[in-house]
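Presented below is the structure to which this report refers.
The values are calculated or read from the model by the stated rules, or taken from the named source; none is laboratory data. No experiment lies behind these values; they were computed from the predicted model shown. Cβ atoms come from the backbone with ideal geometry, glycine included; neighbour counts cover every protein chain shown. Heads up: the accessible areas ignore ligands, DNA and RNA and are worked out on the full protein's heavy atoms, side chains in. Shrake-Rupley method; radii C 1.70, N 1.55, O 1.52, S 1.80 Å.
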Amino acid sequence: MIPVHYYLILSAVMFITGVVGVLTRRNAIIIFMCIELMLNSVNLTFVAFSSYLGNEAGQMFVFFVMAVAAAEAAVGLAIVLALFRNKQTVNINEVNILKW
Amino acid sequence: MNAMPKPVIREDAARAAEEFFHRFVTYDEQGYIRMITSCYPSHIGEILSSELIVFIVLAAVAAISGFLMITRTNPVNSALFLILNFIALAGLYLTLNAQFVAIIQILVYAGAIMVLVLFVIMLLNLQDEAPLRETISKSHYASLLFSLLALALIVQVIGWKSGAALDTMREQSPLAVQIGTVEHIGNTLFTQYVFPFELTSILLLAAMIGAVVLAKKRFP
């Protein structure tokens, strides 16, 4: 059997990959996809603990996280579309109205 | 008369061959091959269990496709690598006996959400970004450094060595096979978790209205 540590470390690696992507990329859609990657790495942790503890709550949480991710995808992509319509770009360096 | 020693030799040879073979392969109770052990002494004999091979392949695909996702300049390539990552994750869910989550991962994530993302990318007709090596700056190094520090911290908290908090979770719970089935998940979802489930429908409705309003409106 594989110890739960392997899944947790894979999940940590994927999460940090997403963090690096968010911090270094400037394309709004790619930042959005990095957030999806981070959500998925957390889902992997949930499912791993659910299986290793024999408790179904983790898989329930994954279900709800996926519902939230679907809502986030719809709203986020609508925001990107509205952004592109107004600024003709999705580069977040050029979107600085809220920057202080 | 002189043929007497021959069967003895054959028996010895057969036994020796069997013993030699058994050094490489161990069986489970049903007689299936469980793991291919190394010919080296037993401290690394269990390195190559078949479960571990599957895990390593899927984990490598997930990690490498995640890395490629954040390094591609073309957003379409990024999205395709993310889909590959999601499919590898679905395989990992199967190794964790979570069948329902694996199916939902393929249907909802790799199917619905990523199609939406690809659709928006194609709709916007984005050009490739400048390659990272041309735009790299001090803030990139700083973010990489702090992210790796965070990774080291997480690995430290997980505790690689024995005696750590997670040491009791060396193998999956016997209940894992049962709780991952669609039947059990559905049962729990519509009894114990029925209120959050209904709230999810309101959330999705709000998101749908929000998406329509945001994408439709022309801001001045």
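Being within 17 Å of B:Phe81 (Cβ to Cβ) and either modelled with pLDDT of 90 or more or among the small types (Gly, Ala, Ser) (or both) is the requirement here; does A:Val13 meet it? Before you say what the answer is, go through the steps one by one.
On the way: within 17 Å of B:Phe81 (Cβ to Cβ): yes; either modelled with pLDDT of 90 or more or among the small types (Gly, Ala, Ser) (or both): yes.
So A:Val13 passes the test.
Does any residue of segment B:98-107 turn out to be open to solvent by 10 Å² or more (accessible area, probe 1.4 Å) and among the polar types (S, T, N, Q)?
Step one: filter segment B:98-107 for residues open to solvent by 10 Å² or more (accessible area, probe 1.4 Å), giving B:99-100, B:103-104, B:106-107.
Still in the running and among the polar types (S, T, N, Q): B:99.
Within segment B:98-107 (the criterion being open to solvent by 10 Å² or more (accessible area, probe 1.4 Å) and among the polar types (S, T, N, Q)), the answer is yes, since at least one residue qualifies.
Being within 7 Å of another protein chain (Cβ to nearest Cβ) and modelled with pLDDT of 90 or more is the filter; apply it to segment B:149-162 and report the residue that is surrounded by the fewest Cβ atoms within 10 Å (Cβ to Cβ).
Quick first cut of segment B:149-162, residues within 7 Å of another protein chain (Cβ to nearest Cβ) only: B:150-151, B:154-155, B:158, B:160.
With modelled with pLDDT of 90 or more added as a condition, the list becomes B:150-151.
Working: B:Ala150: 15, B:Leu151: 18.
Among them, the one singled out is B:Ala150.
Hey, B:Thr191 hits all of (1) within 23 Å of A:Val65 (Cα to Cα); (2) in a helix (DSSP H, G or I) but one; which does it fall short on?
(2)
Determine the pairs where a residue that is without any contact (Cβ under 8 Å) to a residue 40 or more places away in the chain, located within segment A:26-45, has a partner that is part of a helix (DSSP H, G or I) and open to solvent by 40 Å² or more (accessible area, probe 1.4 Å) with Cβ atoms under 6 Å apart, the partner being 6 or more residues away or on another chain.
Pairs found: A:Cys34/A:Val22; A:Met38/A:Phe15; A:Ser41/A:Phe15.
Could you figure out which of (1) under 25 Å from A:Glu72 (Cβ atoms); (2) open to solvent by 100 Å² or more (accessible area, probe 1.4 Å); (3) within 25 Å of the chain's Cα centre (by Cα) isn't true of B:Met208?
(3)
Here are A:Leu23, A:Leu98, A:Leu8: which of them is in contact (Cβ under 8 Å) with a residue 24 or more places away in the chain and open to solvent by 10 Å² or more (accessible area, probe 1.4 Å)? Before the answer, list the steps.
On the way: A:Leu23 fails: in contact (Cβ under 8 Å) with a residue 24 or more places away in the chain; A:Leu98 fails: in contact (Cβ under 8 Å) with a residue 24 or more places away in the chain.
Just one listed residue meets the conditions, A:Leu8.
Scan (1) more than 10 Å from every other protein chain (Cβ to nearest Cβ); (2) open to solvent by 30 Å² or more (accessible area, probe 1.4 Å) for the single condition B:Gly111 breaks and write down its number.
(2)
For segment B:61-75, give me the residue count where each residue is surrounded by fewer than 24 Cβ atoms within 10 Å (Cβ to Cβ) and of a type in the set (Gly, Ala, Ser).
Count: 2.
What do you reckon, is A:Val75 surrounded by fewer than 20 Cβ atoms within 10 Å (Cβ to Cβ), among the aliphatic types (A, V, I, L, M), farther than 16 Å from B:Leu89 by Cβ and facing chain B (nearest Cβ under 8 Å)? Talk me through it step by step, then tell me what you get.
Values: surrounded by fewer than 20 Cβ atoms within 10 Å (Cβ to Cβ): yes; among the aliphatic types (A, V, I, L, M): yes; farther than 16 Å from B:Leu89 by Cβ: yes; facing chain B (nearest Cβ under 8 Å): yes.
Criteria met by A:Val75.
Condition check: among the aliphatic types (A, V, I, L, M), modelled with pLDDT under 80, surrounded by 12 or more Cβ atoms within 10 Å (Cβ to Cβ) and closer than 30 Å to B:Ile70 by Cβ. Does B:Ile136 satisfy that?
Yes, satisfied.
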